[in-house]
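The values are calculated or read from the model by the stated rules, or taken from the named source; none is laboratory data. The shown structure was predicted, so the numbers you read here are calculated from the model rather than taken from an experiment. All Cβ positions, even for glycine, are placed from backbone atoms using ideal geometry, and neighbour counts span all protein chains on display. Protein only, heavy atoms only, side chains kept; ligands, DNA and RNA dropped before computing areas. Shrake-Rupley method; radii C 1.70, N 1.55, O 1.52, S 1.80 Å.
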Amino acid sequence: MMHTLRIGLVSVSDRASGGVYQDQGLPALENWLARALSTPFEVQTRLIPDERAIIEQTLCELVDEMGCHLVLTTGGTGPARRDVTPDATLAVAEREMPGFGEQMRQVSLHFVPTAILSRQVGVIRKQALILNLPGQPKAIQETLEGVKNADGSVAVAGIFASVPYCIQLLEGPYIETNADVIAAFRPKSARRDAGAV
């Protein structure tokens, strides 16, 4: 059975949602996904303030009502009092996927020592994988793609390499990527045959 990949994108920012400045998180995520995915997908975007109840409500809406398979948040993951995205994400989670948060910090530590202050998490709710990404477009790309050596080989894997297989294990759509941006990794037994449609 074929079903369309649905992705929810949530930018969490008091100032951007209040119109103080232009949100950069949602455009950065949409541009990256357009480059990275060869599988067709639909996007639902939300720009909301740093309010835990609103974040929880938004995540539940995207997963429960909109049927998203993947939800990516950006912003609100630091130690400041208003940074409550991880807290809201954990509150609506059925299961935590600690490897995603660990790997995001590993990648970011190659660029900035303050990555250790990040509280990003990855969780599962129903059919969806929810991931908290950094707030800055450059950091979003680094986290998703990882760190490459001078010869182009992977030094530290980006988190998105594992996302397609995770969605597959959650019985979601088979996601294919553009290998020049990010190569999806899955065991041989989970790969489609070359001639499969």
Residue 126 and residue 112 label points (each 7 Å along its Cα→Cβ direction) are spaced in nm at 3.4 nm
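Taking all protein chains as present, what is the carbon and sulfur share of the accessible area of segment 24-67, in % to the nearest whole number, probe 1.4 Å? Intermediate results must be reported in sequence, preceding the final value.
Details: 1010 of 2180 Å².
Roughly 46 percent, rounded to a whole number.
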What does DSSP give for segment 31-177 in terms of the percent of beta bridges that are antiparallel, rounded to the nearest 5?
65 percent
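How long is the gain from residue 66 to residue 156 if the chain were fully straight, where each residue apart is worth 0.36 nm and the alpha carbon distance is subtracted? Display every interim value, and only then the final one.
On the way: separation 90, 0.36 × 90 = 32.40 nm, distance 3.33 nm.
Going from the current span to full extension adds 29.1 nm.
Suppose every K and R has +1 on its Cβ and every D and E has -1 on its Cβ; what is the size of the dipole of the chain about the Cα centre, in Debye to the nearest 20? Display every interim value, and only then the final one.
Values: 18 positive and 22 negative charges, 66 e Å.
Charge dipole, the chain, about its Cα centre: 320 debye, nearest 20.
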Measure of compaction for segment 66-177 (Cα Rg per 2.2 N^0.38 Å)
1.05
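What's the FRET efficiency of residue 171 with residue 57 using the Cβ-Cβ distance as r and R₀ = 22 Å, to the nearest 0.05?
Details: r = 25 Å, r/R0 = 1.15.
So, using R0 = 22 Å, E works out to roughly 0.30.
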What nm value, rounded to one decimal, do you get for the distance between residue 38 and residue 22 when each label is placed 7 Å out toward the C-beta?
3.3 nm
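Over the chain, average the accessible area per residue using a 1.4 Å probe and give it in Å², no decimals.
Numbers: 9890 Å² over 197 residues.
Value returned for the chain: 50 Å² of accessible area per residue.
Suppose a student asked you for the relative contact order of the chain, using Cα pairs under 8 Å spaced at least 6 residues apart; what percent would you report? Mind showing how you got there, number by number?
Values: 383 pairs, mean separation 43.1, N = 197.
Across the chain, relative contact order equals 22 percent.
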Which aspartates and glutamates does residue 148 reach when only Cα atoms under 17 Å apart count, and residues fewer than 8 places away in its own chain are ignored?
180
Between residue 14 and residue 178, what is the FRET efficiency for a Förster distance of 30 Å, r being their Cβ-Cβ separation, to the nearest 0.05?
0.30
